[in-house]
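Notes follow the structure.
The values are calculated or read from the model by the stated rules, or taken from the named source; none is laboratory data. Not measured: the values here are computed from a predicted model. Glycine also receives a Cβ, built like all others from the backbone with ideal geometry; neighbour counts cover every protein chain displayed.
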Amino acid sequence: MSSIIKYFNDGKILSLISDAGTPLLSDPGRLLVNECLINSIKVTPIPGASSITAAMSVSGFNDQFLFYGFLPKTINQLEKVLNSLSNNKFTQVFFIPSKKINFYLTSFKKYFTGRKIIIAKEISKIHEEFYREDIDKLKMINNSFKGELTVIISNQSSDIKKINEKKIVNKARKYLKKYSLKDTVDLILETEKINRKKVYNLCLKIKNEKN
């Protein structure tokens with residue numbers, strides 16, 4: 001890295017390029033950018049092809065979106081992240097290694113019920129393909145995809161949010177007749193993979209209504 005900075009300090013111009021999309025997004029090239037910024041070296045972007053905007057442009061989903069990049073590789077860390085992201089109502093974009101697609105789809109089905117999904121491969125290339133489906137109807141993929149996939153989860157509709165809350169409220173009313181507030185929250189979280197604080201607040205509200 002220091003040798004590259006030396007080139008800049010000698011008055012030379014260097015370019016960071018990629019033959020597969022825009023570099024620096026979920027890319028180690030950002031380490032170079034940060035080093036340049038630390039050394040007060042001007043960095044100038046040149047717009048190029050990006051699978052993020054390309055896939056979003058043909059998704060048909062709400063264009064208020066969150067780009068997350070690569071998800072955790074272990075199931076425990078993945079579920080923590082998806083539990084948080086499932087409460088985000090915006091469209092969400094991920095990069096996923098093709099050989100791990102079914103590992104992630106299993107968790108998407110668990111946390112993003114009621115939404116739609118697009119799996120994009122080889123955008124702008126000869127074997128470009130977009131796979132679209134409702135997440136609840138989604139089946140595991142047998143295709144031998146290669147490289148990295150761009151996966152988009154649709155925005156959460158207000159109807160889905162109302163249905164989810166109604167389901168939790170119904171369970172809370174049932175459990176609070178027999179169990180404590182804490183036990184009720186724990187029981188609900190065994191089957192409903194959503195934010196614990198949100199479940200607690202709903203259950204507390206119902207408990208207070210009874211008193």
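The number of residues in region 16-44 being assigned to a loop (DSSP other than H, G, I, E, B) and at pLDDT 90 or above comes to 6. For region 147-154, the count of residues that are over 17 Å from residue 101 (Cβ atoms) and either modelled with pLDDT of 85 or more or within 19 Å of the chain's Cα centre (by Cα) (or both) is at least one. Given (1) at pLDDT 90 or above; (2) assigned to a helix (DSSP H, G or I); (3) within 23 Å of residue 68 (Cβ to Cβ), identify the lone condition not met by residue 164. Of everything listed in (1) at pLDDT 90 or above; (2) assigned to a helix (DSSP H, G or I); (3) within 23 Å of residue 68 (Cβ to Cβ), residue 164 misses just condition (1).
Among the residues of region 91-107, the ones that are of a type outside the set (Lys, Arg) and farther than 15 Å from residue 69 by Cα come to 5 in all.
Which count do you get for residues in region 124-136 that are at pLDDT below 90 and at negative phi?
4
Taken residue by residue, region 183-199 has at least one member that is modelled with pLDDT of 90 or more and surrounded by fewer than 15 Cβ atoms within 10 Å (Cβ to Cβ). When region 1-15 is limited to residues that are part of a helix (DSSP H, G or I) and of a type outside the set (Val, Ile, Thr), the one that is surrounded by the most Cβ atoms within 10 Å (Cβ to Cβ) turns out to be 8.
Looking at residue 33, is it surrounded by 16 or more Cβ atoms within 10 Å (Cβ to Cβ) and of a type outside the set (S, T, N, Q)? It is true that residue 33 is surrounded by 16 or more Cβ atoms within 10 Å (Cβ to Cβ) and of a type outside the set (S, T, N, Q). Determine if region 96-103 includes at least one residue that is out of contact with any strand residue (DSSP E or B) (no Cβ under 8 Å at 6 or more places or on another chain), closer than 18 Å to residue 192 by Cα and aromatic (Phe, Trp, Tyr). No: region 96-103 contains no residue that is out of contact with any strand residue (DSSP E or B) (no Cβ under 8 Å at 6 or more places or on another chain), closer than 18 Å to residue 192 by Cα and aromatic (Phe, Trp, Tyr). Of the residues 74, 150, the single one that is among the β-branched types (Val, Ile, Thr) and either farther than 16 Å from residue 21 by Cβ or in the same structural domain as residue 24 (by TED's automatic domain parsing) (or both) is 74. For first residues located in region 7-36 and on the phi < 0 side of the Ramachandran plot and of a type in the set (Asp, Glu), partners that are assigned to a loop (DSSP other than H, G, I, E, B) and modelled with pLDDT under 90 and lie 6+ apart or on another chain with Cβ distances below 6 Å form the pairs 35/1.
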